[in-house]
1. Can you pull out the residues in the stretch 195-207 that are surrounded by 12 or more Cβ atoms within 10 Å (Cβ to Cβ) and more than 16 Å from the ligand (Cβ to nearest atom)?
2. Looking at the stretch 162-189, which of the residues that are within 16 Å of the ligand (Cβ to nearest atom) and exposed (fewer than 14 other Cβ atoms within 10 Å of the Cβ) is modelled with the lowest pLDDT?
3. Go through 92, 115 for me and flag whichever is within 20 Å of the chain's Cα centre (by Cα) and not aromatic (Phe, Trp, Tyr).
4. Give me the helices (runs of 4 or more DSSP H) completely within the stretch 63-138, filtered to those with at least 2 residues that are under 28 Å from residue 168 (Cβ atoms) and not β-branched (Val, Ile, Thr), ordered by residue number.
5. Can you pull out every residue in the stretch 32-62 that is outside any helix (DSSP H, G or I), more than 15 Å from residue 116 (Cα to Cα) and open to solvent by less than 40 Å² (accessible area, probe 1.4 Å)?
6. So which of 198, 191 is in contact with a Pro (Cβ under 7 Å, 6 or more places away or on another chain) and assigned to a loop (DSSP other than H, G, I, E, B)?
7. Of the residues 239, 229, which single one is assigned to a loop (DSSP other than H, G, I, E, B), within 24 Å of residue 141 (Cα to Cα), away from the ligand (no atom under 11 Å from the Cβ) and of a type in the set (A, V, I, L, M)?
8. For residue 49, only one of the following conditions fails: (1) within 17 Å of the chain's Cα centre (by Cα); (2) farther than 27 Å from residue 153 by Cα; (3) of a type in the set (Phe, Trp, Tyr). What is its number?
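The values are calculated or read from the model by the stated rules, or taken from the named source; none is laboratory data. Note that the coordinates shown come from a computational prediction; the quantities given were computed from them, not determined experimentally. Methodologically, a virtual Cβ is constructed for each residue, glycine included, from the backbone with ideal geometry; neighbour enumeration extends over all protein chains shown. Accessible surface areas use protein heavy atoms only, side chains included; no ligands, DNA or RNA. Shrake-Rupley method; radii C 1.70, N 1.55, O 1.52, S 1.80 Å.
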Amino acid sequence: MSTNQPPSLLDNSTFLTSFAEQKLLENFLRGTKLMKVIEDKTEQFINKYTASKKPEDARAPIVLDLTLHYKDLKERSQTLLCFLTFEPIEFLDSAKYLIYSLIKTIVKDSSNTILKTLHCEQVHVRFRFMGLPLEEGLVYDITPNSYPGGLAVLVCVLCAYTEPEFYTIQSIWYCTTGCQTNLIKKEVTKAPNCYNCARPMSEYSALRCMGKYRLLKVFPIRSVSTPRVFNKIFRSQIVHLKGKIFKKKKTNTY
Ligand SMILES: [Zn+2]
């Protein structure tokens, strides 16, 4: 078998090292307008701190909403497409550290020494993946008791949705006993402990950065199929949508 054959989308047997994954993703980002999005957001971050010189602006979050298209990935790197489709959580981890290093390189060239201590926790990458085809193995059927391990297409009937609610993108914590320690966290259910004195830390509540999400209640498409199905209960599913993904259209379709 030729080793030059590109892997098929459903062939998830190609394992890469973390470094190889990141190089593939870096090449992909540099070949698309996504690199420009990263550069622009970093420039905004640098300019805001340069104008204000406030220490809290040096700890501000850099939130990146990046849209990936199935077609682009298929044309440029099938290996990357397989990695994203079958290992989305690992992909997100790799992407976050790669994008952090790209931002660090841009910041390094700026003259603001305080910004050179940029933390990885300040970088928040949110991917939106579009165009996944309706192929066998990629369509998630709600009815059976099985859940997809990777990305999947959900074809469903929207039954209800909540008003936008808020979640914490980033919060900054300090030690009240004067340890000079700061901690950047995402959503937390209780105050983190200071790693120096182990006492609970307090939050700079004014620096908390929030995002929006909605919850959708959906039913499987077969629940409205023709002819009607009687004497059968269909199970609903709750879908969590963050950021700008949820867009209401005039036709009430999503
Ligand atoms: Zn402390």
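1. Correct list: 207 only.
2. Of all residues in the stretch 162-189, those within 16 Å of the ligand (Cβ to nearest atom) come to 172-185.
Of the ones still in play, those that are also exposed (fewer than 14 other Cβ atoms within 10 Å of the Cβ) are 176-178, 180.
On the way: 176: 87, 177: 88, 178: 82, 180: 75.
Here the residue is 180.
3. Numbers: 115 fails: within 20 Å of the chain's Cα centre (by Cα).
Step by step, each of 92, 115 is checked, and only 92 is within 20 Å of the chain's Cα centre (by Cα) and not aromatic (Phe, Trp, Tyr).
4. Details: elements: 70-76, 78-86, 88-108.
Fully inside the stretch 63-138 and qualifying: 88-108.
5. Hit for the stretch 32-62 is 32, nothing else.
6. 191
7. Numbers: 239 fails: assigned to a loop (DSSP other than H, G, I, E, B).
Exactly one residue qualifies, and that residue is 229.
8. Residue 49 satisfies every listed condition except (1).
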